[in-house]
Amino acid sequence: MKYTVSLLLLALSASALEGYPIRPVSVKLEIESDRIVADIETDSIYWIEEVAHLHPMPPADWPADARGRVQDYVNSHLRLSDGGRVLPGALDSARYRQLPWEVNEEGRFFLRMVYPPASGAELEIAASFFNEYRAEATAAYAGRPFPPSVVFRTDVSVPSKHAILTPESPAITIATGAARRGALATIVASLRAGAATALGTAAGFPALLAIALCVGGAAFDRRKAAVLATASALGFACAGALAWTPPWQIWPWTLATALVAGRWRRAPSVAVATASALGLAWAVAARPTMPHAALASPSALAGAMAGGAVLLCAMLLVLREEYKRMFELSESRVEELFARRVRLLGTILTIVGAYGLWQSIQR
């Protein structure tokens, strides 16, 4: 009986502390010619409750005061020192991602901190994320081990090295040359950034589907489809390289392309314009994640084109399979049935484009 009471008292003591799951923090550090970049990925619950103080947590466009709190917290718990001089960091971008099956404050924070360029031969990195909570948890658990859901660790990666920082070993010193990318690594990183932007920007999916309806919506004439796809790619590349219009213009072009989807003679020029606007939107979205290097922008654009091509081919394949299915149902009426299906999808995309345009105007 006495043993049971002791266990209950210990449990009550631990439960007095508001329990947060603490996952390892990932920090990817790179030294560029004119700055140092730290990309931070971390579990969201503690950050929402104790740092950002936002309910609900928006995916992006955080208020200035919340961004300031996050920036101050990172500067207090991730310290970069160049020859004994602490480098101040600025929060360059911040977003919150919650997957469909995650609930409440579950999800991930993705933060990019930018620091002044390194001038010395060595850079010291020190991390102490969640140290306040760790002090409270240590007192509450009174020497007992933390549960598996609580791990105080920071994983630091530079292009040629990986280190694990813990409360017992909170700092490392690296040669600045070890954290610099070579030309090939810069190209690869930029390609990945562009592809990730294309594959991860949901606003581009309706535009791609509208283009797919134009390319594959008229009996699948391969010659015309190839000409249109080539023109779209050129327009996409030019707009992405020039960036001469606001990225929100993807929505009116999505709306226009959806309206004419399935009408081959009117659609090509509109589809090319939509591809151009989409290239611009991806170029602007990828810019914050690109390295500062001459080859970064064209490489990111090429990666975005590759990612967009994969999505577009997948959509065309689905349309092609639907056409085959209707051909098997009625060979004589396949064109009529497929045209109806294209018009239905065009109507849905028109509504989506109108909604996206309205949301952009509201902002």
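The values are calculated or read from the model by the stated rules, or taken from the named source; none is laboratory data. For clarity, every value in this text was computed on a predicted model and none was experimentally measured. Every residue, glycine as well, gets a Cβ built from its backbone with ideal geometry; the counts of neighbours run over all protein chains shown.
Below is a table of values for the structure above.
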| item | result |
| --- | --- |
| Only listed residue being in contact (Cβ under 8 Å) with a residue 40 or more places away in the chain and of a type outside the set (S, T, N, Q), chosen from LEU337, LEU316 | LEU316 |
| Filter pass, VAL151 being out of contact with any helix residue (DSSP H, G or I) (no Cβ under 9 Å at 6 or more places or on another chain) and farther than 18 Å from LYS28 by Cα | yes |
| Count of residues meeting criterion [β-branched (Val, Ile, Thr) and either part of a loop (DSSP other than H, G, I, E, B) or farther than 28 Å from ASP34 by Cβ (or both)] in the stretch 278-328 | 2 |
| Single residue of SER360, SER299 found to be at pLDDT 75 or above and polar (S, T, N, Q) | SER299 |
| Residues located in the stretch 34-77, provided they are farther than 24 Å from PRO170 by Cβ and in contact with a Leu (Cβ under 9 Å, 6 or more places away or on another chain) | ILE48, TRP62, PRO63, ALA66, ARG67, GLY68 |
| Unmet requirement for PHE130, which otherwise passes all of (1) modelled with pLDDT of 85 or more; (2) surrounded by fewer than 21 Cβ atoms within 10 Å (Cβ to Cβ) | (2) |
| Conditions (1) over 30 Å from SER33 (Cβ atoms); (2) surrounded by 17 or more Cβ atoms within 10 Å (Cβ to Cβ); (3) among the charged types (D, E, K, R); number of the one not met by ARG112 | (1) |
| Which listed residue, of VAL27, VAL74, VAL86, is β-branched (Val, Ile, Thr) and over 20 Å from ARG153 (Cα atoms) | VAL86 |
